[in-house]
Amino acid sequence: MEAFLEKMNQFFEVNLDLRSRVFLLLAVVVLVPAMFLPLWHINMDAQQFPEGLSLGIYASKLEGGGQGGNDLREINILNHYIGMQELKEEDFSEFKWIPFVVGAVLLLTLRAVVIGKVSKLVDVFVGFSYFGVFSIWMFYNKLYYYGHNLDPSAAVKVDPFMPPLFGSKQLANFTVSSFPGLGTVAMTLFPLFLLVALYFSYREWQKAQI
């Protein structure tokens with residue numbers, strides 16, 4: 001184990017090769033749109049809404065579908081009837097720190113390109129992986145909170161429920177679908193580009209050991 005750790009420490013101090021730096025720059029290019037594209041979509045389909053209702057969740061805002069974003073208002077009206085808390089941007093602390101974290105990741109990635117050490121690349125990958133897992137956990141808990149903290153005095157009584165994190169689920173007379181948007185696709189591609197960059201530097205380092 002000690003020999004393995006020593007070998008990894010040596011690898012972490014290796015300079016990134018040109019291909020690795022190019023893939024880091026590509027990772028930056030891929031991640032930037034995540035600030036402006038929807039991270040998640042929630043659609044609600046029912047007979048009384050032939051065109052359905054949709055909600056887009058962005059890094060810094062909620063955006064309803066329909067003309068003028070009217071779907072968000074309609075969703076909040078429906079939520080009121082069953083005692084669910086109104087969806088308001090100011091109640092989502094995530095909208096304050098997600099853009100900051102993404103911006104910090106972009107700067108750290110550019111820093112890794114300039115300094116060119118494997119250790120800096122690994123730092124970015126580990127930090128972003130934690131951010132991704134934490135964000136999904138926060139989203140899950142937010143859905144649970146809204147579905148289980150219902151006003152007992154609401155006009156329509158429903159049992160506490162868990163909105164779908166991913167996929168479709170029947171809730172009363174609505175089919176609710178939840179799926180990632182292009183922003184999340186961009187956030188998924190980002191660490192993949194980091195891994196490719198790490199692979200190229202590791203392969204060059206291995207060749208140098210022969």
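Within segment 125-161, which residues are of a type in the set (A, V, I, L, M, F, W, C), in contact (Cβ under 8 Å) with a residue 40 or more places away in the chain and closer than 30 Å to Arg203 by Cβ? Let's see the steps before the verdict.
Residues of segment 125-161 of a type in the set (A, V, I, L, M, F, W, C): 125-126, 128, 131, 133-134, 136-139, 143, 150, 154-156, 158, 161.
Narrowing further to those that are in contact (Cβ under 8 Å) with a residue 40 or more places away in the chain: 125, 128, 138-139, 150, 154-156, 158.
Correct list: Phe125, Phe128.
Val122 - would you say it is closer than 23 Å to Ala59 by Cα and either free of Cβ contacts under 8 Å to residues at least 60 places away in the same chain or hydrophobic (A, V, I, L, M, F, W, C) (or both)?
Numbers: closer than 23 Å to Ala59 by Cα: no; either free of Cβ contacts under 8 Å to residues at least 60 places away in the same chain or hydrophobic (A, V, I, L, M, F, W, C) (or both): yes.
Spelling it out, it is not the case that Val122 is closer than 23 Å to Ala59 by Cα and either free of Cβ contacts under 8 Å to residues at least 60 places away in the same chain or hydrophobic (A, V, I, L, M, F, W, C) (or both).
So if I check each of Gln209, Gln170, which one is surrounded by fewer than 15 Cβ atoms within 10 Å (Cβ to Cβ) and either closer than 15 Å to Ile136 by Cβ or at pLDDT 85 or above (or both)?
Working: Gln209 fails: either closer than 15 Å to Ile136 by Cβ or at pLDDT 85 or above (or both).
Criteria check complete, one pass: Gln170.
Could you tell me which of the residues Leu121, Leu37, Leu55, Leu106 is part of a loop (DSSP other than H, G, I, E, B), touching a helix residue (DSSP H, G or I) at 6+ places or on another chain (Cβ under 9 Å), surrounded by 16 or more Cβ atoms within 10 Å (Cβ to Cβ) and not small (Gly, Ala, Ser)?
Details: Leu121 fails: part of a loop (DSSP other than H, G, I, E, B); Leu55 fails: part of a loop (DSSP other than H, G, I, E, B); Leu106 fails: part of a loop (DSSP other than H, G, I, E, B).
After ruling out the rest, the residue left standing is Leu37.
Keeping to segment 66-96, report how many residues are surrounded by fewer than 20 Cβ atoms within 10 Å (Cβ to Cβ), assigned to a loop (DSSP other than H, G, I, E, B) and either out of contact with any strand residue (DSSP E or B) (no Cβ under 7 Å at 6 or more places or on another chain) or among the small types (Gly, Ala, Ser) (or both).
Taking segment 66-96 and keeping what is surrounded by fewer than 20 Cβ atoms within 10 Å (Cβ to Cβ), we get 66-70, 73-74, 76-83, 85-96.
Adding the requirement that they be assigned to a loop (DSSP other than H, G, I, E, B) leaves 66, 83, 85-88, 92-93.
Subset that is either out of contact with any strand residue (DSSP E or B) (no Cβ under 7 Å at 6 or more places or on another chain) or among the small types (Gly, Ala, Ser) (or both): 66, 83, 85-86, 88, 92-93.
Total meeting the criteria: 7.
Take the residues of segment 40-52 that are in contact (Cβ under 8 Å) with a residue 40 or more places away in the chain and surrounded by 15 or more Cβ atoms within 10 Å (Cβ to Cβ): which is farthest from Phe100 (Cα to Cα)?
Going through the qualifying residues, I end up with Ala46.
The values are calculated or read from the model by the stated rules, or taken from the named source; none is laboratory data. All figures in this text were calculated on a predicted structure; none of them were measured in a lab. Note that each Cβ is placed from the backbone with ideal geometry, even for glycine, and that neighbours are counted across all protein chains shown.
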